[in-house]
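Here the structure comes first, spelled out in structure tokens, and everything after it is commentary.
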Amino acid sequence: MIKVLTNLCFCGSLLAFGLGTLGLYRFPDSYTRLHAVGMGDTLGVGLLGLGLMLLSPNWLLRLKLGGILLLFWLINPTMSHLVAKAGLLHGVKPAPGTKVRKG
Amino acid sequence: MRKHSGLLFMILLAFWTVLTGAVNWELTLVGAVTALLTVWFWQDLGPRLPRLPSARGLLRLGYALVLMVGWVIQANITVAKVLLFSRPAAKPIFLLMEPNLRTNWGRVLFATCITITPGSVTVDVDPETGRFIVHALNHEIGIDLLYWRLIDEIIALENTLADRTTLEARKGEKHGMVTGGTDCLGASGSVAGHHRPHRS
């Protein structure tokens, strides 16, 4: 049962990373590509971590993996934000047709 | 301040112990010294950190984190659909929004949650006005952000902490103590949260 769940997690992770990579080709500019990469960074890494936790022989290893996942989910949005902000500050132009809307 | 430093030291030492995977005096000593140095290096950060939440606040935070996992999965599915089935693949927008968050930590939390859900990235946050510049993959994702239930959850968390701060300040007054630095996060002011339809 655990092996089936682990395989499902790894397949889901592969799918998320694969779709993220496809997004790098399909999306038109740096800003939209960040969204595609975000798929691998959140669901891809999360499912990979979950699969590895299921395979782990002891709780200490599971705790370590949990810590690594938590750090990853804290660092990843910070880096994405920095890339987007640096792009905007340095005049990286968004794709044609990008609209500005006030909420 | 001391409470913050102590807590940070304990967290760092616990993290060190988990990573090393062994408990003996040499490793613990190295971990303790490293944790102490880190706490000393970051001591100026203490006053900027939010107050420690109460048990109710921690429960609310845990609940919000569980909801967040669901939203992240939902956002991944949305982006996958846009990627595979939408022609053209993206109709991006820059959204300027001003959620009614009063504290800096609330804004940071919200900005992080926006970016961690694929389909939206926080590009900038103005600390003076609380205005967010968000890049969204399409118009629908952008509009969903405006009515996201998470905003209400963070406002409720801010209120929980603000209540605690007020209680502590009253206790301090009662005992004739000076309670400075409680408003360093902008915890004063009225709640301007209005009812929003919830993001499903």
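When both residues are 6+ apart or on different chains and their Cβ atoms are under 8 Å apart, which pairs have a first residue that lies in the stretch B:134-148 and is at the interface with chain A (Cβ under 8 Å from one of its Cβ atoms), and a second that is among the aromatic types (F, W, Y)?
Hits for this filter: B:H135/A:Y31; B:H135/B:F94.
How many residues are facing another protein chain (nearest Cβ under 7 Å) and of a type in the set (A, V, I, L, M) if we restrict to the stretch A:37-54? Steps first, answer last, please.
Taking the stretch A:37-54 as the starting set, the residues that turn out to be facing another protein chain (nearest Cβ under 7 Å) are A:38-39, A:42-43.
Subsequent filtering for residues that are of a type in the set (A, V, I, L, M) retains A:39, A:43.
So the answer is 2.
For residues in the stretch A:20-32 being in a helix (DSSP H, G or I) and surrounded by 21 or more Cβ atoms within 10 Å (Cβ to Cβ), which is farthest from the other protein chains (Cβ to nearest Cβ)?
A:G20
In the stretch A:80-103, how many residues are more than 7 Å from chain B (Cβ to nearest Cβ), modelled with pLDDT of 90 or more and out of contact with any helix residue (DSSP H, G or I) (no Cβ under 9 Å at 6 or more places or on another chain)?
Qualifying residue count, the stretch A:80-103: 4.
Which members of the stretch B:75-107 meet the condition of being among the hydrophobic types (A, V, I, L, M, F, W, C), without any contact (Cβ under 8 Å) to a residue 24 or more places away in the chain and facing chain A (nearest Cβ under 10 Å)?
Passing the criteria: B:I77, B:A80, B:L83, B:L84, B:A89.
Where residues in the stretch B:108-127 are polar (S, T, N, Q) and in a strand (DSSP E or B), which of them is nearest to the other protein chains (Cβ to nearest Cβ)? Give the steps one after another, and end with the answer.
Filtering the stretch B:108-127 for residues polar (S, T, N, Q) gives B:112, B:115, B:117, B:120, B:122.
Checking which are in a strand (DSSP E or B) leaves us with B:120, B:122.
Details: B:S120: 7, B:T122: 5 Å.
It comes out as B:T122.
Filter the stretch A:26-51 down to the residues that are more than 30 Å from B:P88 (Cα to Cα) and without any contact (Cβ under 8 Å) to a residue 40 or more places away in the chain and list them by number.
The answer is A:L48, A:G49.
The rows are residues; the columns are (1) touching a Leu at 6+ places or on another chain (Cβ under 7 Å); (2) not aliphatic (A, V, I, L, M).
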residue: A:D41; (1), (2): no, yes
residue: A:G51; (1), (2): no, yes
residue: A:S56; (1), (2): yes, yes
residue: A:L65; (1), (2): yes, no
residue: A:I75; (1), (2): no, no
residue: A:S80; (1), (2): yes, yes
residue: A:R101; (1), (2): yes, yes
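Hey, among B:V18, B:V72, which residue is at pLDDT below 90, part of a helix (DSSP H, G or I), under 22 Å from A:L71 (Cα atoms) and at the interface with chain A (Cβ under 10 Å from one of its Cβ atoms)?
B:V18
I'd like to verify a number: residues in the stretch A:6-49 that are acidic (D, E) and under 15 Å from B:A136 (Cβ atoms), how many?
1
The values are calculated or read from the model by the stated rules, or taken from the named source; none is laboratory data. Just so we're clear, the structure is a prediction, and the values are computed from it rather than from any experiment. Glycine gets a Cβ as well: all are built from the backbone with ideal geometry, and neighbour counts include every protein chain shown.
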